[in-house]
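Structure, as structure tokens:
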Amino acid sequence: MAYAEEEDTPLATAAAAAVYVRRGLKGTFTKPKSTRIITIVNQKGGVGKTTTAVNLAAAMGLAGLKVLVIDLDPQGNASTAFGIDHYEDASGSFDVLLDGASIASMMTKAQGFDSLWVLPATLDLAGADIELITTVAEGKRPFLLKTALSQFLDDHEMDYIFIDCPPSLGLLTINALAAVKEVLIPIQCEFYALEGVQQLLRTIEFVKERINPELEVSTILLTMYNSTTNLSASVVEEVRGYFGKKVLVTVIPRSTYVAEAPSFGQSVMTYDPGSTGAVAYLAAAREITERKVKG
Ligand code: ATP
Ligand code: MG
């Protein structure tokens, strides 16, 4: 099994893991040949999209890769997790999508990282769908993020860009799907885990046919695994049966440190690097960097 069974690792192991993460990770992850942009999507709420975006990015950032997290959720949870303000007047992804601002001018360095940036979300993003419909020509609406990203990548180097989506399949999510080749779907290890996944896959297929022929579901990540129930194990089996090799070997366990970290404006990678959640996200991030990508 690629995940730890216990909530608390023994102190010495945790301390060693913490030192390893802080000092020893630099240069240990493979850099991609070109920027990999990954949209993290699931219209079901609370399945671990944001936690996954934040912690994969943090793990890669600690390893010295250049990473950008784009927060496309008006709730701004990814922004909060990196200690970034997202009050109403703050700037961020709304300005990029609706005012044509550049990503570079709106992104903020994440606290405690040398090579990790965040394009924050603000509350005004909640009205973005309506504003886009009333102010932007229909044909342009799905491509606002894609256009901004290609301008950004003309003169900025990034290894990974993660896009955190809101729990809906509205225009923000469509923009996120139009802008990438890769989709990562987090699936929570609980009853009804696959509920809604069919609808999500249909939406992805629709976007692939009409808007973005390069789009693929590249990665499935099982989240919030509870080793004390048979239910989690049977969900893992069901999801692996359905998605096969797209499912990462690493499974993310349920861990209180993962849930606590955002309230301290941190990822679990920095909040408690020795916790089972941090160790698992580190392993998941490494797996992603080591997998073969199409094209
Ligand atoms: P939304 O759809 O609202 O954007 P989401 O899919 O982004 O939600 P998260 O916010 O990442 O989901 O997670 C939902 C809740 O579960 C959060 O309170 C988070 O802290 C908690 N959580 C996520 N992963 C874990 C984990 N591995 N262990 C414990 N709690 C977790
Ligand atoms: Mg979220």
Practice task
Sum -39500 (n - 2.57) across every DSSP H segment of at least 4 residues in the chain, then divide by the residue count to get the 222 nm mean residue ellipticity, nearest 500.
Solution key: -11500 deg cm²/dmol
Handout entry: If the convex hull is drawn through the Cα atoms of the stretch 34-290, its volume per residue in Å³
Key = 115 Å³
Practice task
For Y242, tell me the accessible area in Å² from a 1.4 Å probe, rounded to the nearest 10.
Solution key: 110 Å²
Handout entry: Heavy atoms of Y225 accessible to a 1.4 Å probe, total area in Å² rounded to 10
Key = 20 Å²
Fill in the blank from the handout: Pseudo-spin-label distance T228 to A259, built 7 Å along Cα→Cβ, given in nm, is 1.1 nm
Completion exercise
Residues whose modelled amide H sits under 5 Å from the amide H of G64, counting only those 5 or more places away in sequence or on another chain, are G27
Exercise for the section: Place the peptides 67-76, 99-108 in order of packing, highest mean first, counting for every residue the other Cβ atoms within 10 Å and averaging per peptide. Expected result: 67-76, 99-108
Practice task
Could you pull out the pairs from K44/K292; K26/K292; K31/K245 whose alpha carbons sit more than 26 Å apart here?
Solution key: K44/K292
Exercise for the section: Treating the angle as unsigned and between 0 and 90°, give the value, to the nearest 10°, between the Cα long axis of helix 276-290 and the longest Cα principal axis of the chain. Expected result: 60 degrees
Problem - Residues of type aspartates and glutamates that K146 reaches as a straight line, Cα spacing below 14 Å, ignoring anything fewer than 8 places off in the same chain - result: D154, E182, E214
Problem - Alpha-carbon centroid distance for the pair the stretch 191-224 / the stretch 73-116, whole angstrom - result: 26 Å
Practice task
Note the angle between two axes, namely the Cα long axis of helix 197-210 and the longest principal axis of the Cα atoms of the chain, as a number of degrees from 0 to 90, rounded to the nearest 10.
Solution key: 40 degrees
Exercise for the section: Please give every one of the lysines within straight-line cross-link reach of K140, meaning a C-alpha to C-alpha distance under 24 Å, and leave out same-chain neighbours fewer than 8 residues apart. Expected result: K181, K208
Handout entry: Of all accessible heavy-atom area on the chain, the percent that carbon and sulfur account for (1.4 Å)
Key = 54 percent
Handout entry: Exposure ranking of F243, F82, F206, F264 by accessible area [1.4 Å probe, largest first]
Key = F264, F206, F243, F82
Practice task
Tell me which residues come under 5 Å, amide H to amide H, from Q188 once H is placed; ignore anything under 5 positions away on its chain.
Solution key: T223
Exercise for the section: Could you run the Karplus curve 6.51 cos²θ - 1.76 cosθ + 1.60 with θ = phi - 60° over the stretch 176-188 and give me ³J(HN,Hα) per residue in whole Hz, x for Gly and Pro? Expected result: 5, 6, 6, 9, 9, 9, 10, 10, 10, 10, x, 10, 7
Practice task
Measure nothing but the geometry: give the 0 to 90° angle between the long axis through the Cα atoms of 49-62 and the longest principal axis through the Cα atoms of the chain, rounded to 10°.
Solution key: 70 degrees
Handout entry: Whole-Hz ³J(HN,Hα) from phi, Karplus 6.51 cos²θ - 1.76 cosθ + 1.60, for the stretch 133-143, glycine and proline x
Key = 5, 8, 10, 10, 4, 3, x, 8, 3, x, 10
Exercise for the section: Take every Cα pair under 8 Å in the chain that's 6+ residues apart, average their separations, divide by the length, and report that relative contact order as a whole percent. Expected result: 27 percent
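The values are calculated or read from the model by the stated rules, or taken from the named source; none is laboratory data. Model, not experiment: these values are computed from the prediction. No Cβ is skipped: glycine too gets one built from the backbone with ideal geometry, and neighbour counts run over all protein chains shown. Note: areas computed on protein heavy atoms with side chains; ligands, DNA, RNA excluded. Shrake-Rupley method; radii C 1.70, N 1.55, O 1.52, S 1.80 Å.
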